[in-house]
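Scroll down for the structure; my scribbles are underneath it.
The values are calculated or read from the model by the stated rules, or taken from the named source; none is laboratory data. This one's a predicted model, so the numbers in the text were calculated from it and none came from an experiment. Every residue, glycine as well, gets a Cβ built from its backbone with ideal geometry; the counts of neighbours run over all protein chains shown. Ligands, DNA and RNA are excluded from the accessible area calculation, which covers all protein heavy atoms including side chains. Shrake-Rupley method; radii C 1.70, N 1.55, O 1.52, S 1.80 Å.
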Amino acid sequence: MTRTLSEAESYCWNYIQEHLTKIPNLSISTLANDAHVSLSTVNRTLKKMGYDGYTDFKQTIRHTKNERRKNGFSKEVNEAIHKNEIEITRTINQLSAEDIEKAIKLIDHHSNIIIFSAGLSSNVAREMMNKLQLFGKNCVSYDDFDYMKYYANRANRDHLIVAISVSGETPEIASAIHTAKSHGAKIIALTAASPSAIANQADVCIVAYKSKLKEINFGLDVGSRIPLQVANRILLDAYAIYKNLAPIREKD
C-alpha cells in the first residue's frame, strides 16, 4: 500500500520512473549512485510504493518488458503503448490512500456536488457526474467558464466542488474554485500537476501522472486524459467500497 514519500524518496521515485528502461540492467548500488541517493532510500522508496524491494521491482519491470516484446507492433507503436503504460502504472503507484479516503469522506458528506472541467477533461467529469448521481448525489458538471463563475458565486459550505484539470493551471477553473472556497465550499482537485494553481487551493488533491514523453500535437488540447480517467475510476470504485462498509486503507 502506498504511503507518503519524503522529499528524498519522492525524488528517488521520480528518477526511477524516468529511467525505467535502464532498470533491468542496473544494480541497486549503480542506481543509487546515479540518482545520488543512499541504498536505504532506494529500498525504502520501493517498499512504500508496494514492492518487496529493488529485486522485486526489477523483476516486475523485466517481466512487463518481456510481455510486450513480441506483440507484433512497430517500435513507434510500442513507444506509444509504453507511454500509456507508464501513465497508468505511475498514476496507480503514486495515488495516496490517505488522500483518496479524505476525498471519499468529503463526497459522502456532501449532497450537492459541482464539477468544473474544460476541454477533454470534461469526459472525465461526465463519468464522475453520472456515477455520483447513481449514488443519489445532486451532482452537476460545467465546462463553460461563464457557468463556472455563476455557480461558484452561489456556492456555500453545503457544496463540494471537484476541479478537474490535467495542467492544474486552467485560469478560469482556478478563479472559480477560489470564489467558491471564499463562500465556504470544500474543494477536491483531480489533476496531474501539484503544486499548481488549482491543486494549491484544494482541501484534497488527487494527483495523477502525466508522461513527459512526446505526444502527437495537432495544435489543440488533445493530450491524454488516461491518468485522470484512472484516478477517477479508482476514486469512484473506492467510494463504492466505502458505501459497502469495507475499509479503504490497510491497518497499520
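For the listed peptides 196-207, 239-250, a ranking on the average number of other beta carbons within 10 Å per residue, highest first, reads 196-207, 239-250. Electrostatic bookkeeping for Leu236 treats Lys and Arg as +1 and Asp and Glu as -1; over the other residues with beta carbon under 9 Å from its beta carbon, the sum is 0.
Which of the DSSP-defined H helices in the chain satisfy a minimum axial length of 24 Å, computed from C-alpha atoms, and a minimum mean Kyte-Doolittle hydropathy of -1.0? The answer, listed by residue number, is 226-243. Under Stokes-Einstein, with the Kirkwood radius over Cα pairs as Rh, the value for the chain at 25 °C and 0.890 mPa s is 126 µm²/s.
Annotation: per residue accessible area for the range 149-216 equals 47 Å², rounded to a whole number [probe 1.4 Å, protein chains only].
Each Cα pair under 8 Å and six or more residues apart adds its separation to the average, and for the chain the resulting relative contact order is 18 percent.
Annotation: per residue accessible area for the range 84-126 equals 36 Å², rounded to a whole number [probe 1.4 Å, protein chains only].
Spin-label model, His178/His19: points 7 Å from Cα along the beta carbon direction are separated by 4.0 nm. Heavy-atom surface analysis with a 1.4 Å probe gives the range 79-140 a carbon and sulfur content of 53 percent of its accessible area.
The calculated FRET efficiency for the pair Asn130 and Ile81, based on their C-beta separation and a Förster distance of 25 Å, comes to about 0.30. The modelled label-to-label distance for the pair Phe145/Ser111, using points 7 Å beyond Cα in the direction of Cβ, is 3.4 nm.
With the crude spin-label approximation of a point 7 Å out along Cα→Cβ, what separation in nm comes out for Ser29 versus Arg249? Taking the simple label geometry, Ser29 and Arg249 are separated by 3.8 nm. Between Ser141 and Ile115, the built amide H atoms are under 5 Å apart, and every one of these is 5 or more places off in sequence or on another chain.
Solvent-accessible area assigned to carbon and sulfur over the range 1-42 amounts to 53 percent, based on a 1.4 Å probe.
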